[in-house]
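Asker: Below you will find the structure I want to go over with you.
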Amino acid sequence: MGAAYQKYYVPHQSSWPIIGAIALFLLGYGAALWINALAKDQHGVGIFLIVAGFALLFYMLFGWFSNIIDESMEGLYSQQMDRSFRQGMSWFIFSEIMFFMAFFCALFYARTIAVPWLDGSGNNAMTAEVLWPGFEAIWPLTKTPGGIETQVMPWEGIPLYNTLILLASSVTLQFAHMGIEQRKYTQLGFFLLLTIILGITFLFLQGQEYVHSYHELGLRLDSGVYGNTFFLLTGFHGLHVTLGAIFLTVIFLRIIIKGHFTPERHFGFQAAAWYWHFVDVVWLNLFVFVYVL
Amino acid sequence: MSTDNSNTLDVNADQQHVDHHDHKPTGITRWLYTTNHKDIGTLYLLFSLTMLFIGGSLAMVIRAELFQPGLQFVDPHFFNQMTTVHGLVMVFGAIMPAFVGLANWMVPLMIGAPDMALPRMNNWSFWILPFSFFILLSTLFMEGGGPAAGWTFYAPLSTTYSNDSTAFFVFSVHLLGISSIMGAMNVIVTIFNLRAPGMTWMKMPLFVWTWLITAFLLIAVMPVLAGTVTMVLTDKYFGTSFFDAAGGGDPVMFQHIFWFFGHPEVYIMILPAFGIVSSIIPTFARKPLFGYESMVVATASIAFLSFIVWAHHMFTTGMPVAAELFFMYTTMLIAVPTGVKVFNWVATMWRGSMTFETPMMFAVAFIVLFTIGGLSGLMLAIIPADFQYQDTYFVVAHFHYVLVTGALFGIISGVYFWIPKWTGVMYSERLGQWHFWCSLISVNMLFFPMHFVGLAGMPRRIPDYALQFADMNAFISIGAALFGLSQLIFVWCVVRCMRKKGEKASAEVWEGAQGLEWQIPSPAPYHTFQTPPKVK
Amino acid sequence: MKHYLFGLKCVTSYSVLFWLLLNSITLQAQTEKYNMTRGATDISHQVYDLHMAIFYICCVIGAIVFALMFWSIVYHRKSKGAKAEQFHGSLKIELLWTAIPVLILIVMAIPASRTLIAMEDTSKADLTVLVTGSQWKWHYKYMEYPIEFYSMLATPREQIDNLAEKAEFYLRDVDKPLVLPTGKKIRFLVTSDDVIHAWWVPAFAIKKDANPGFINETWTKVDKPGVYRGQCAELCGKDHGFMPIVVDVKNPEEFDLWAAEQVELQAQAKAEAEKAAQQTQSMEELMLLGQKTYESHCAMCHQISGEGLPGAIPALKGSVMVTQDIPAHIHIVAYGKPATAMQAFAKQLTTSELAAVITYERNAWGNNTGDLVQVADVVAVIEAGE
Ligand code: HEA
Ligand code: HEA
Ligand code: CUA
Ligand SMILES: [Cu+2]
């Protein structure tokens, strides 16, 4: 605990948290109103609240992070502070892992328990006989007990390319990191940009895949538990790629415009990088469990 | 390309900075914009007290309706909303924020930290909560009413068969989940990173230990709850069928995911109370805590076990026998580390030199009544018997013993214990004793007979019941009213202290008090430990 | 050392006292009013004994722990001049109080596991009944006989609303109980049409969740004839508290008689329905039967007033569906609306009841369409299929 006895910086009062709380409130309340209106084919004020919420949220994030960056640049932060940020970020990523866990477990449960049970495995012979006589348990579930049919999303095409793209992006990000550590700022900038471009390519291809899936395969969000887990897992993953890409873009701009980060102090960069690697690992699991197996 | 300002710390600038805002900010913005752990702790505690009263008022509606057989005041649909929202408000609004408030106040003081590790985020965690509960409670005033599927919101009652409140409920849970996760991150980072020099792991007060482990549980399971409610949302509104057999899902899968969150959640609501009691008993026994190390190990074991017992809430759902047996055995095992804790407290009192001020009274009541709740929990774990207990008032009795006389009594004893430190004045001992005795008697009138009606076959979550349960229910309802009224004494006590009415408290406050928090003046200065104290 | 011995003696006497006190409480509690029922089957007796055994074990543990604690509360208080000792741990004693609870738990787990395994063995049944929960009634179907029927709350509305004296079996009476023979192993297949319910008869120590889309199995074998009562034990919506279960257990001979009678009755009902399809009925007849049917089957959701529950259940009063297109109206009542609380009533009501209730809806609460819906109209829609 070498430098643990330095002064710990406790920030001034700040209005950002309460603004953030209001932003989240607008988002939550707006989304609830909007979804209910949607379900009834109505319009409501929900969508406006959502837009306002997002605007306020971005305003808050921008302001809050500028404060942090300024403080960091002023040198108010000690190593201990840096550790707090790092640890905070690690626990945040842990919480994200647990969030994905919930959906992965839903996938495993549906696949290895619910679907076989519906076809009479274990002590469920009567379930199959009385309730779902024609049903056959297979995975991917191309025909639900209720009779909805879909096709299987193969892993060989876009998903495979996307896997390679994300893997490559993790490597390029590693090069960017080496760039920081060796003060090779051109290398840093180049590889960071490349990572972002790879991320956006991934998202683009994922979008293509969704279109293909809806139009050609009939695999939809509402086509049974295979479609459910497919879209929720890839969807939340895509959302995280989006956030990660935004995060990296901000870092990129800070480097290009403000010339931030040094070999010793680049927590912002590292947080973004951790996040990116985490999203990558989630994808690898997705690729294996959602597509291949 | 970049300015190197790595390790150099401008101590002077920093010093000035600190001096500059050492005086308390004033007005409403003090509370809205605060980054001070004591202010935020106070906010959490006041919020929790408000929620206790809201949740308690809903419970009074429940008890009024159940006073006599027949439908008296409310229709069954509204009754279900009362039950559901009572459970949600108490769990997420009263108990959890109270613990976070205590952690905010006490953890930095106990480990010699200047504040929480991430003070702004701390403020954010708090202010999300009132908004979240505004969303939840506002549904009660909407057309169709609030959520009515129980605090456990089992699908498909909460999906296909629910009303419009579902979306509001889901987003409100998302918000309070975000709040809890951030709060927990803050606690963990503070404990990991901001301990004063010499405050080694095995010197940390047990309250800090129990909160560290609680925070870990929170970060592990709140996201799972977020996932659960998300699936509820998509099942209801976007045509997914996670919990619908026709699409290859399973309603029981909901319960697995929910209880994977839900069971650790109940330990989230008890572990910090264990910590509080472990501070109070040694203080008033004037004797060191018996078996400190085993207390730490026991807490960690409870936390570990809490991840592999969840299906004990689902014994009647028709799991395979092997799974049922597994969950029965793991559940029973939890009695062992919990027993270690109880025995250690008793051994701490043994041959001490005890006095019985209000905090100690509540702590002693905690031990007895929590143990009763724990023992009934053990009975619930015995599957063949649970088939008869499940979803009856026997379960309601069990969880109110662990939650009200466990968690809530723990919180109350903590408040009496630390309020002199917070406000600088002693609470009125006479009022405190009144509060204690009134609460003790009425709470047992309220919850003890529930064991009997439950065993005799009264199901929970019903607005009306068969005639043989009538006299017991009337008695329970009277106990409920008395217990509710007794809490007004508590509020009076707290308000007196907040208005600085009472004897001035010394720094040490209690004769047997040990630990850093008792070495700073009472009331604790707005900023403490800006230079870390040395712990021997 | 002397001190400790004295302590021990005190503690034992305390525990004995506590024990006696508890015993007197529990003797009191033997009455079914305050304790679990012993029930009427071999399994339920095992469960009861297990319950009492673990209860006593818990009492003893509690008594010992509390006695120790109160002993030190009484004797180790400062006002008595007690000086605090400073010991703070002992590995030996900690190991002891880890090991002893483990042993106690093992002692509890063995009979529990044995009983559980017996409870879950549904093989070699003599009779199988399919039990289906739906909001808020039970449906029973005998797999070996052509018998099936709904069973719902029989307590009149006035008693619930405190307008009439409550009967002895207030809220625990049904219109048509499940009838079972004694001495036979009966297998129950438990499932649901909509939300999760739980089929609970305390006297059989059976509580099984009725999960929509899945079938759970359980069994019983009752030795004594009698009427056994239970109720739904999983929150299933508004009228969860009004979903009782009554099981009438008869001697095998009586059961056979009953079964034969039921088969005949159901055949008769079918013949009558076919006859009714040929006839036309008057407005008065239809409205009378319609009101009766509405109040027993529809009012729990759509309310007596036909106004529904805003935000959850649509009003029928003035509803487009109810006042315009007749076949569409018949269709929704006969087939329900999938994935909503609106059930398919074609399998719950006879065609004449359907005709009557639809006529009633179209003419009650000021809907005054004047339309008459005859059985033939209903049959036409039903035959056209979903
Ligand atoms: C603070 C909250 C809290 C705590 C601490 C506990 C603690 C325990 N609970 Fe409880 N429980 C709830 C809150 C809590 N519970 C809630 C809210 C519900 C209902 C949820 C709902 O459906 O709405 C519930 C429901 C519940 C059920 C499901 C009942 C049902 O629906 O059918 C079960 C079943 O196993 C159970 C078991 C236990 C056990 C074994 C413990 C153990 O941890 C207890 C351990 C403690 C002791 C045993 C006492 C002290 C020990 C000794 C003195 C040592 C010697 C003892 C022995 C050797 C026996 N609980
Ligand atoms: C977490 C903590 C917690 C706390 C503290 C409480 C506190 C109380 N609870 Fe409980 N309760 C739950 C958690 C909690 N509860 C949960 C999780 C459920 C399950 C929900 C579900 O099934 O989904 C439940 C369910 C539940 C039921 C079962 C409902 C049912 O199944 O239908 C009942 C019934 O009596 C009940 C009663 C009470 C009472 C009387 C109190 C009292 O202790 C409250 C006392 C407090 C006050 C009364 C407020 C303060 C005073 C005033 C407002 C002054 C005015 C007072 C008067 C006019 C008298 N609760
Ligand atoms: Cu059916 Cu509760
Ligand atoms: Cu549990």
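What follows draws every value from the coordinates through simple rules; no lab data is involved. Owing to the predicted nature of the structure, the values given are computational and were not obtained by experimental measurement. Cβ: placed from backbone, ideal geometry, glycine included. Neighbour counts: every protein chain shown.
Asker: Which one, C:Leu180, C:Leu309, C:Leu235, has the greatest fluctuation when you compute a Gaussian network model over chain C with C-alpha springs under 10 angstrom?
Answerer: Checking each option, the largest mean-square fluctuation is seen for C:Leu309.
Asker: Dividing the alpha-carbon Rg of the stretch B:180-306 by 2.2 N^0.38 Å yields what?
Answerer: So the stretch B:180-306 has a normalised radius of gyration of 1.37.
Asker: Hey, what's the Kirkwood Rh for chain C if you take every pair of different alpha carbons, in angstrom?
Answerer: After inverting the mean inverse Cα-Cα distance, the result is 25.5 Å.
Asker: Excluding same-chain residues fewer than 8 positions from C:Lys347, which aspartates and glutamates have a Cα within less than 14 Å of its Cα?
Answerer: C:Glu148, C:Asp193, C:Glu383, C:Glu386
Asker: What is the pair-distance distribution P(r) of the stretch B:152-208, computed from all Cα-Cα distances in 5 Å bins starting at 0, with each bin given as a whole percent?
Answerer: Whole-percent P(r) values from 0 Å outward: 4, 14, 16, 13, 10, 9, 9, 8, 8, 6, 3, 1.
Asker: Which aspartates and glutamates have a Cα lying under 17 Å from the Cα of C:Lys184, excluding residues fewer than 8 positions away in the same chain?
Answerer: C:Asp42, C:Glu120, C:Asp121, C:Asp126, C:Glu144, C:Glu217, C:Asp223, C:Asp248, C:Glu253, C:Glu254, C:Asp256
Asker: Magnitude of the Cβ-charge dipole of the protein assembly as shown, K/R +1 and D/E -1, about the Cα centre, nearest 20 debye?
Answerer: Its charge dipole is roughly 5160 debye.
Asker: At 10 °C and a viscosity of 1.306 mPa s, what translational diffusion coefficient does Stokes-Einstein give for the stretch A:199-268, taking Rh as the Kirkwood radius over Cα pairs? Give it in µm²/s as a whole number.
Answerer: Reported coefficient: 111 µm²/s.
Asker: B:Met142 to B:Ser506: extension gain in nm, 0.36 nm per residue of separation minus the Cα-Cα distance?
Answerer: Result for the pair: 125.9 nm of gain on full extension.
Asker: Same structure again: Computed FRET efficiency, Cβ-Cβ of C:Leu265 and A:Cys105, R0 56 Å: what is it to the nearest 0.05?
Answerer: Once rounded, the FRET efficiency stands at 0.65.
Asker: Hey, with R₀ at 60 Å, roughly what FRET efficiency would C:Glu85 and B:Arg499 work out to, going by the Cβ-Cβ distance, to 0.05?
Answerer: 0.90
Asker: Across bins of 5 angstrom width beginning at 0, how are the C-alpha pair distances of the stretch A:38-152 distributed, in whole percent?
Answerer: Histogram of Cα-Cα distances, whole percents per bin: 2, 8, 9, 10, 9, 9, 10, 10, 9, 8, 7, 5, 3, 1, 0.
Asker: Once you order the gyration tensor axes a ≥ b ≥ c over the Cα atoms, which shape class does the stretch B:189-256 get: rounded for a/c under 1.5, otherwise prolate or oblate by comparing a/b with b/c?
Answerer: prolate
Asker: May I ask which residue of B:Met51, B:Thr159, B:Phe436 lies farthest towards the positive end of the charge dipole of chain B, with charges of +1 (Lys, Arg) and -1 (Asp, Glu) on Cβ and the Cα centre as origin?
Answerer: Among B:Met51, B:Thr159, B:Phe436, the one farthest towards the positive end of the dipole of chain B is B:Phe436.
Asker: On average over all directions, what projected area in square nanometres does chain B have, based on the convex hull of its Cα atoms?
Answerer: 27.8 nm²
Asker: If amide H atoms are built 1.01 Å from N in the plane of the peptide, which residues on other chains or at least 5 residues away come under 5 Å of the amide H of C:Val222?
Answerer: Counting only residues 5 or more places away or on other chains, the set is C:Gly183, C:Lys184.
Asker: For chain A, compute Rh as the Kirkwood radius over C-alpha pairs and then the Stokes-Einstein diffusion coefficient at 25 °C and 0.890 mPa s; write the answer in µm²/s, rounded to an integer.
Answerer: Roughly 111 µm²/s, to the nearest whole number.
Asker: Continuing with this model, one more query. Which of the aspartates and glutamates could a cross-linker bridge to B:Lys287, judged by Cα under 14 Å and excluding same-chain residues fewer than eight apart?
Answerer: B:Lys287 reaches B:Glu511, C:Glu85.
Asker: Report the FRET efficiency, 1/(1 + (r/R0)^6), for C:Ile304 and A:Glu149, where r is their Cβ-Cβ distance and R0 is 51 Å, rounded to 0.05.
Answerer: Efficiency, rounded to the nearest 0.05: 0.70.
Asker: Which whole-number percent of Cα pairs in the stretch A:1-82 have a distance greater than 19 Å?
Answerer: The calculated P(r) of the stretch A:1-82 puts 55 percent of pairs beyond 19 Å.
Asker: Ok, one more. I'd like the projected area of the stretch C:53-184, averaged over all directions, using the convex hull of its alpha carbons. Report it in nm² with one decimal.
Answerer: For the stretch C:53-184, the mean projected area of the Cα convex hull comes to 17.5 nm².
Asker: Continuing with the same structure: With a bin width of 20 angstrom, please list the P(r) values of the protein assembly as shown as percents of all Cα-Cα pairs, from the 0 bin to the one holding the largest distance.
Answerer: Calculated P(r), rounded to whole percents: 10, 38, 36, 15, 2, 0.
Asker: A further question on this structure: Give me the percent of Cα-Cα pairs in the stretch C:150-260 that sit more than 18 Å apart, rounded to a whole number.
Answerer: Everything past 18 Å amounts to 54 percent.
Asker: While we're here: Can you work out D for the stretch B:440-512 in µm² s⁻¹ from Stokes-Einstein, where Rh is the Kirkwood radius over C-alpha pairs, the temperature is 4 °C and the viscosity is 1.567 mPa s?
Answerer: Stokes-Einstein gives a translational diffusion coefficient of 85 µm²/s.
Asker: If you average 1/r across every pair of different Cα atoms in the stretch C:229-376 and take the reciprocal, what Kirkwood value do you get, in Å?
Answerer: That comes to 17.2 Å for the stretch C:229-376.
Asker: Would you mind computing Rg(Cα) / (2.2 N^0.38 Å) for the stretch A:157-293, counting N as its residues?
Answerer: Normalised Cα radius of gyration, the stretch A:157-293: 1.16.
Asker: Can you compute the helix-only [θ] at 222 nm over chain C? Use -39500 (n - 2.57) per DSSP H run of at least 4 residues, normalise by all residues, nearest 500 deg cm²/dmol.
Answerer: The helix-only estimate for chain C comes to -15000 deg cm²/dmol at 222 nm.
Asker: Can you list residues from other chains, or at least 5 along the same chain, whose modelled amide H is less than 5 Å from the amide H of B:Thr392?
Answerer: Excluding prolines and chain starts, which carry no amide H, the hits are B:Arg460.
Asker: Which value in deg cm²/dmol, rounded to the nearest 500, describes the helix-derived mean residue ellipticity at 222 nm for chain B, given -39,500 (n - 2.57) per DSSP H run of n ≥ 4 and division by the residue count?
Answerer: Value at 222 nm, helices only, nearest 500: -21500 deg cm²/dmol.
Asker: Would you mind telling me which residue in A:Ile180, A:Ile50, A:Ile69 has the biggest mean-square fluctuation in a Gaussian network model of chain A, where springs connect alpha carbons within a distance under 10 angstrom?
Answerer: For chain A, modelled as a Gaussian network with Cα springs under 10 Å, the answer is A:Ile50.
Asker: Moving on to the next point. Using the C-alpha gyration tensor of the stretch C:170-210, what are the square roots of 5 times its eigenvalues, in whole angstrom, with the largest one first?
Answerer: Working through the eigenvalues yields semi-axes of 19, 16, 11 Å.
Asker: Just to be sure I understand the model, the point goes 7 Å from the Cα along the line to the Cβ. What's the resulting B:Ala300 to A:Phe289 distance in nm?
Answerer: A separation of 2.7 nm, rounded to one decimal place.
Asker: In Å, what is the Rg of the alpha-carbon atoms in the stretch B:403-536, and how long is Dmax?
Answerer: Reported Rg and Dmax, both Å: 20.4, 67.
Asker: Using 7 Å Cα-to-Cβ label points, what is the B:Phe307/C:Leu163 separation (nm, one decimal)?
Answerer: 5.8 nm
Asker: Then there's this: Assuming a ≥ b ≥ c are the square roots of the Cα gyration tensor eigenvalues, decide whether the stretch B:230-286 counts as rounded (a/c under 1.5), prolate (otherwise, with a/b larger than b/c) or oblate.
Answerer: It comes out prolate by the Cα gyration axes.
Asker: Something else: Mind scanning C:Lys141/C:Lys250; B:Lys536/C:Lys80; C:Lys137/C:Lys166; C:Lys238/C:Lys317; C:Lys33/C:Lys141 and naming the pairs with a C-alpha gap bigger than 26 Å?
Answerer: Distance filter (> 26 Å) returns B:Lys536/C:Lys80; C:Lys33/C:Lys141.
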